[in-house]
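Heads up, the thing below is written out as structure tokens.
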Amino acid sequence: MRLIRVATVASMALLPLLATACQASGEAAADTSPIVIGADLELSGVNAIIGNTYARALQLRVDQLNAQGGVSGRHITLVTKDNRSDPSLSVANVSALAAEPGLAGIVMGACSECLHGVAKIIDNAKVPTVSLAPATGAARPVSDRRFVFKLGPSAEDSAAALATELRGAGVHRVALLSTDDVNGADAVSALTTQMTKVNATVVSQQLFRATDTDLSQPVHTAVGHGPDALVVSAFPAQAALVAKSARDAGYTKKIFFDATAAGDLFFSGSAASRADDIVMVAPQALVIEDVVATTPAKIARKRWFSDYTSKYGTFSGYSSYAADAVRLIADAVRGAGGTEHQRMRDIMETAAFDGLSGQIQFTPNNHAGIMPQSWTTVVARAGRWRLLG
């Protein structure tokens with residue numbers, strides 16, 4: 001018995017050594033280190049409302065994935081930096097994020113100029129990056145944006161959807177109002193192209209700075225040309241201000257917003273009383289309460305609406321873009337078996353899924369993922385947005 005006991009103890013003593021030997025000669029232990037997603041966002045500055053919406057949505061989606069076990073057993077850590085809507089700060093932020101151990105990818109916010117300023121850094125560092133900015137150039141040309149993928153408002157798709165609404169409303173004379181930046185330039189170009197297809201004439205084109213808080217002058221000038229409709233491209237607060245200024249000036253005809261304005265579900269303050277009957281292009285998630293959930297994608301959008309609203313007390317259409325960005329990166333990590341950036345990029349370039357913001361599909365020739373049929377039209381009624389029709 002004594003000999004048997006000694007042998008048993010000796011065998012037990014050998015187990016750790018055998019286990020170590022097996023690990024050394026066989027497969028390596030699973031990587032359980034955190035996966036890092038970096039975010040360069042406008043937490044302060046001119047686009048702070050959108051930037052903070054993105055920050056909240058990213059954190060909520062990361063928390064949800066971690067509650068489900070993370071990605072292949074690895075939890076996700078979100079590292080967020082404030083660019084203050086300043087492209088020069090984005091350069092420093094993205095350079096720092098690119099050096100983060102375990103970095104899977106970077107999400108960039110609403111500042112289109114910020115993305116333009118760091119595009120070369122991203123390409124040189126070969127870091128998969130998701131841009132949530134409106135600018136068409138965020139994902140074009142693909143030869144210069146090999147590691148950049150766009151999920152956000154589309155000037156071209158918005159213009160096509162608005163043109164359909166303008167034709168249906170019998171609008172022939174249009175005044176365009178937009179910001180004097182790259183977002184506005186993209187919108188004006190796309191809208192001007194579409195107007196010729198629906199026999200509408202642009203009778204006035206007015207620009208304003210993204211920092212302007214008094215838009216009465218460009219609105220009065222636009223209204224003075226007698227348009228059948230005002231078409232506005234701006235972030236939500238300024239778009240609402242254009243509408244309020246127009247109604248205050250006595251303009252009673254139609255007002256249309258492109259998808260850049262599709263932010264909060266509810267209007268606030270005096271804008272609510274001036275918003276009725278405005279028509280806007282938006283992701284379906286914004287008005288998912290009005291949609292019958294007949295597919296898994298619609299059910300997921302309703303769940304996201306409920307989760308976001310429960311946590312933050314309101315809902316923004318912009319939140320869906322950020323949530324889909326987390327999914328895009330997480331799916332690429334899962335498919336690549338880790339955070340090897342080239343493999344992730346290749347997976348992202350052919351990714352296709354029904355996202356919270358709509359149907360998403362990337363191709364080697366198109367890094368703007370939200371498909372045209374994903375956009376819907378909504379109308380302002382009683383201080384909130386409703387599905388049109």
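The values are calculated or read from the model by the stated rules, or taken from the named source; none is laboratory data. Please read these numbers as outputs of a predicted model, since none were measured by experiment. Positions of Cβ are backbone-derived with ideal geometry, glycine not excepted, and every protein chain shown enters the neighbour counts. The protein model used for the area step is the full one, side chains on, heavy atoms only, and it has no ligands, DNA or RNA in it. Shrake-Rupley method; radii C 1.70, N 1.55, O 1.52, S 1.80 Å.
The figures follow:
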read-out: Residue in the stretch 29-47 that is nearest to Thr213 (Cα to Cα), counting only those that are hydrophobic (A, V, I, L, M, F, W, C) and open to solvent by less than 20 Å² (accessible area, probe 1.4 Å); value: Leu41
read-out: Whichever residue in the stretch 69-106 is part of a loop (DSSP other than H, G, I, E, B) and on the phi < 0 side of the Ramachandran plot and, among such residues, is surrounded by the fewest Cβ atoms within 10 Å (Cβ to Cβ); value: Pro101
read-out: Considering residues of the stretch 144-199 that are of a type in the set (D, E, K, R) and part of a strand (DSSP E or B) only, the residue surrounded by the fewest Cβ atoms within 10 Å (Cβ to Cβ); value: Arg173
read-out: Single residue of the stretch 107-132 satisfying the filter (part of a helix (DSSP H, G or I) and among the β-branched types (Val, Ile, Thr)) that is surrounded by the most Cβ atoms within 10 Å (Cβ to Cβ); value: Val118
read-out: Answer residue from the stretch 254-278, given it is within 24 Å of the chain's Cα centre (by Cα) and without any contact (Cβ under 8 Å) to a residue 40 or more places away in the chain and is farthest from Val219 (Cα to Cα) among those; value: Ser268
read-out: Hits in the stretch 348-376 - residues which are among the β-branched types (Val, Ile, Thr), crowded, with 19+ Cβ neighbours inside 10 Å and farther than 12 Å from Asp324 by Cα; value: Thr376
read-out: Which listed residue, of Leu328, Leu387, is in contact (Cβ under 8 Å) with a residue 60 or more places away in the chain and open to solvent by 30 Å² or more (accessible area, probe 1.4 Å); value: Leu387
read-out: The lone exception for Gly224 - which of (1) open to solvent by less than 70 Å² (accessible area, probe 1.4 Å); (2) modelled with pLDDT under 95 it fails; value: (2)
read-out: Test for Asp264: is it touching a strand residue (DSSP E or B) at 6+ places or on another chain (Cβ under 6 Å), open to solvent by 10 Å² or more (accessible area, probe 1.4 Å), acidic (Asp, Glu) and within 24 Å of Ser319 (Cβ to Cβ); value: yes
read-out: Filter result (in a loop (DSSP other than H, G, I, E, B), within 15 Å of Thr376 (Cα to Cα) and open to solvent by less than 10 Å² (accessible area, probe 1.4 Å)) within the stretch 286-325; value: Gly317
read-out: Number of positions in the stretch 237-248 that are surrounded by fewer than 23 Cβ atoms within 10 Å (Cβ to Cβ) and within 16 Å of Arg209 (Cα to Cα); value: 3
read-out: Residue check for Ala57: touching a residue at least 24 places away in the same chain (Cβ under 8 Å), in contact with a Phe, Trp or Tyr (Cβ under 8 Å, 6 or more places away or on another chain) and in a loop (DSSP other than H, G, I, E, B); value: no
read-out: Condition met for Ala57 (within 15 Å of the chain's Cα centre (by Cα) and more than 17 Å from Pro101 (Cα to Cα)); value: yes
